Each structure stands twice: as structure tokens, then as C-alpha cells.
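Here is the structure we will look at.
The values are calculated or read from the model by the stated rules, or taken from the named source; none is laboratory data. Bear in mind the structure is a predicted one, so any value in this text is a computation, not a measurement. Heads up, the Cβs are rebuilt from the backbone with ideal geometry, glycines too, and the neighbour counts pull from every protein chain shown. These area figures cover heavy atoms from the full protein model, side chains too; ligands, DNA and RNA do not enter into them. Shrake-Rupley method; radii C 1.70, N 1.55, O 1.52, S 1.80 Å.
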Amino acid sequence: MVDLFIDRVLLKNNKDQDELDTEREIIMRLQNRILMLFFASATCETCRQFAPTLSDFYKQLTDEFYVDRAAQLVLLYISLDQSEEEQEGFLKELPKRCLFLAYEDPYRRELEAMFNVEEVPTVLVLRPDCSILIPNAVDEILRLGTDCYHNWQEAAELIDRNFMNKEDFEEKSMRSFSDPVRRLKYKVEDEKKKKKKKKRKGWGGGGDEGVEADGGAGDKEGGGSPW
């Protein structure tokens, strides 16, 4: 998912419309999260009717007023509006925590074509690896409410960052996806080295390991202690 926006500028839907424009900011906001791309337009009556439902859905999952731990979920508005004024007006119906692309950013239309969006409103749900989880979740959100997020979470196999320290998660987020594999490899190699070290120590006659190693060898050769 991060790859989709790593060279882009994302805006926060707050008063100042703060920018997320550095690689670190993008990674920390999107890494290991389910992303909802909301394709809509202010001129679409159905979009305007659905916006409050989507806003409540997102708030109930991410706002500390409703939950102790915010869901690993990001809402990104992809405007298909005909003017910047229309986009600004529609953003007022969406949560302040959501993100959006600037009206002048042509990437809005590129995403529309990339994911073959043919109708609005569309809520395209993406896994953290950018693969499509739900092509259009509008009906599911209307039917199941926040319960559908738990289905998404299980299907996306999210790593639960809520059980990680903030510092650990930040460090983990900046690593490559292959890092867990490398760490597992080094852990296995380290265990092998420790076992070899213990074995050498045992044959040298030092420590409890040495007694066990000598005794085991003696038993096999028939010359071990009768006790």
C-alpha cells in the first residue's frame, strides 16, 4: 500500500490541511493498515447520502471517543469532483482524520483507471500489500456496520500493532518486508552456534554440560560410570 503513495503528497482533512509529504510520514501513516479508497463526487446524490454513514463507520473504529484502541484503518478520499469547490464542500462531510489528494493532483484519475472504478460511490478496500480485499464495500458497510472491519482484519492477516510499543512499531515500520525472514534466519544460525559452543565446552570437561557429554559418550562405548 505504501508503494502506491510513497512519492505523493497526501493531505489531512483538518483545518490547515497539513501535508504528509515525506517517505517517513507516509510509511508511518499507511504501513500495516487496511486502506479504504473512497471514490465519490459531490454531484452524486447517492454519494452525499452515503457520506455520513461512512464517516460514522470510520469514527467508531478510529476515534478515541468510541474505542480504546484505534483500528488499523485509513480512509482516503479520491475526489471525482468537477471543481475544487465541490471537493472542499464534500470533505466537510468526511472525518477530520481522513486523508485526500489535492484536486490538482492527476493521480486521482490515475487511481480511478488503475482500479477500474465504474460507479460512485465506491469504497475500495486494500490489504497492506496493496492487493484488493473488497472491490466495493459500500453495501457491506451499510449492511454490517463496523462488524465488517473484523472480517477485513482477519482476511488481511494484520499484525496487531496494539500489542507493540510505539518505539518498536516505528522501528519495525521502517524496515523492509523481508526483515522478519532475515531475523528468523539469524536466530536459527545463532541457536546453532550456541549449541556448538556448549558441545565444545562439554568435551573440554567444564560445567554440567561437560559431565553430560562425557557420560553419554562413555555409555555408548561401554566405559561409562556404573553409577
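When the convex hull of its Cα atoms is viewed from all sides, the range 1-163 shows a mean projected area of 9.0 nm².
Here the 3J(HN,Hα) profile of the range 46-55, calculated from phi with Karplus coefficients 6.51, -1.76 and 1.60 at θ = phi - 60°, is 5, 5, 5, 6, 7, 3, x, 5, 5, 4 Hz, Gly and Pro shown as x. Here the contact order of the range 1-163, divided by its residue count and restricted to Cα pairs under 8 Å and six or more residues apart, works out to 29 percent. Distance from the C-alpha centroid of the range 1-45 to that of the range 106-165: 14 Å, rounded to the whole angstrom. The chymotrypsin sites (Phe, Trp or Tyr not before Pro) of the range 1-91 that DSSP puts in a loop, and whose beta carbon has at most 10 other beta carbons within 10 Å, are Phe65.
Counting only protein heavy atoms, what percent of the accessible surface of the range 1-163 is carbon or sulfur at a 1.4 Å probe? Intermediate values should be presented prior to the final figure.
Numbers: 3640 of 8230 Å².
For the range 1-163, the apolar C and S fraction of the accessible surface comes to 44 percent.
Here the spin labels are modelled as points 7 Å beyond Cα on the Cα-Cβ line, and at Glu118 and Ile132 they lie 1.0 nm apart. When the surface is traced with a 1.4 Å probe over the full set of protein chains, Val9 keeps roughly 60 Å² accessible.
A simple spin-label model places the labels of Leu144 and Glu110 3.2 nm from each other, with each point 7 Å out along Cα-to-Cβ. Phi-derived couplings, Karplus 6.51 cos²θ - 1.76 cosθ + 1.60 at θ = phi - 60°, listed residue by residue for the range 25-32: 5, 5, 4, 5, 7, 10, 4, 6 Hz, with x used for Gly and Pro. Between Ile6 and Arg24, the contour length at 0.36 nm per residue exceeds the Cα-Cα span by 5.6 nm.
Assuming 0.36 nm per residue, please report the length gained on full extension of the stretch Asp63 to Glu88 beyond their Cα-Cα distance. Separation in residues times 0.36 nm, less the Cα-Cα distance, equals 6.8 nm.
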